[in-house]
Amino acid sequence: MSFGLLSVLLLAPVELAPEGKQKPKIIVLDLVNGADLDEARLEALGDAVVTALSGAPVEVLSAADLRKTVEVKASQSALGCIQGDCLLDLAKAWQARYVLTGSIAQFKNQIILNLKLIDSNNDNLQVLLRETVEAEPTALTALARVSAAKIRQKLGGPPPSSDELSVLRAKNVPLVGLSLGLAGVGGLLTAGWYQLQANDSGQLALAESSDRILGPFHADRSDAAVGIARWSMGISAALFVSAYWSWSQGL
């Protein structure tokens, strides 16, 4: 942020509101672009963060909102204010309790997003939450929403929704859920095999019903196979339920 732009933001008049009748404000500064992303992509990331904060009991002021309010149309982005004194002055000028700063960097083919929630209450800057995610460029916007949703929760809003977390499930294969599901399939196959054995033994028991030895022998084998088949079905059902729960949790 240039000195002139920052001065205008700090000196801009702010309408005072009666104590207790206004939500605390949070200023969301522009992301520091350390990955050479184009302006459209950078703006989309910032919008994703601001949108994800909706639902928190705060009034969100983006850097773009501040520039519009003071009618500053300079091309500079409001992102240079990242030091303590500057952040505190900015928060005071706009009666904002919270400031959200962020930056992006690139390592090989991965983009790293850092977000930091700062509380300026009582003129003492305190970092309430840090969020860092690393992702491929195609998944970055969705992961930015997840990080912002965690900040929303920290501010007293709802936790990340299932839709917001879906990107994590898509990114990370839920190995526990997958393993439990495969084990459940194995249980079904086992149950099916023993059921076939029970049918065969039952038919042999009928065929050998006149034989006092073979008849009861095949009947007992049929009963035992039916018991194992039912037990395998029960275990398989439990495994499928566990797999569904694990999958829904992204495990």
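The values are calculated or read from the model by the stated rules, or taken from the named source; none is laboratory data. Keep in mind it's a predicted model, so treat the numbers as computed, not measured. Positions of Cβ are backbone-derived with ideal geometry, glycine not excepted, and every protein chain shown enters the neighbour counts.
Can you run down the residue pairs with Cβ atoms below 8 Å, 6 or more apart or on separate chains, where the first is in region 131-144 and under 12 Å from Q110 (Cβ atoms) and assigned by TED's automatic domain parsing to the domain that holds L31 and the partner is of a type in the set (K, R) and surrounded by fewer than 19 Cβ atoms within 10 Å (Cβ to Cβ)?
Listed pairs, sorted by first residue: A135/K171; A139/K171; L143/K171.
For R212, all conditions in the list (1) basic (K, R); (2) over 24 Å from S103 (Cα atoms); (3) in the same structural domain as G55 (by TED's automatic domain parsing) hold save one; what is the number of the exception?
(3)
Would you say A148 is among the hydrophobic types (A, V, I, L, M, F, W, C), buried (at least 20 other Cβ atoms within 10 Å of the Cβ), touching a residue at least 24 places away in the same chain (Cβ under 8 Å) and not in a strand (DSSP E or B)?
yes
From (1) farther than 16 Å from A183 by Cβ; (2) surrounded by 14 or more Cβ atoms within 10 Å (Cβ to Cβ); (3) within 36 Å of the chain's Cα centre (by Cα), pick out the condition that doesn't hold for L204.
Going through the list (1) farther than 16 Å from A183 by Cβ; (2) surrounded by 14 or more Cβ atoms within 10 Å (Cβ to Cβ); (3) within 36 Å of the chain's Cα centre (by Cα), L204 breaks only (3).
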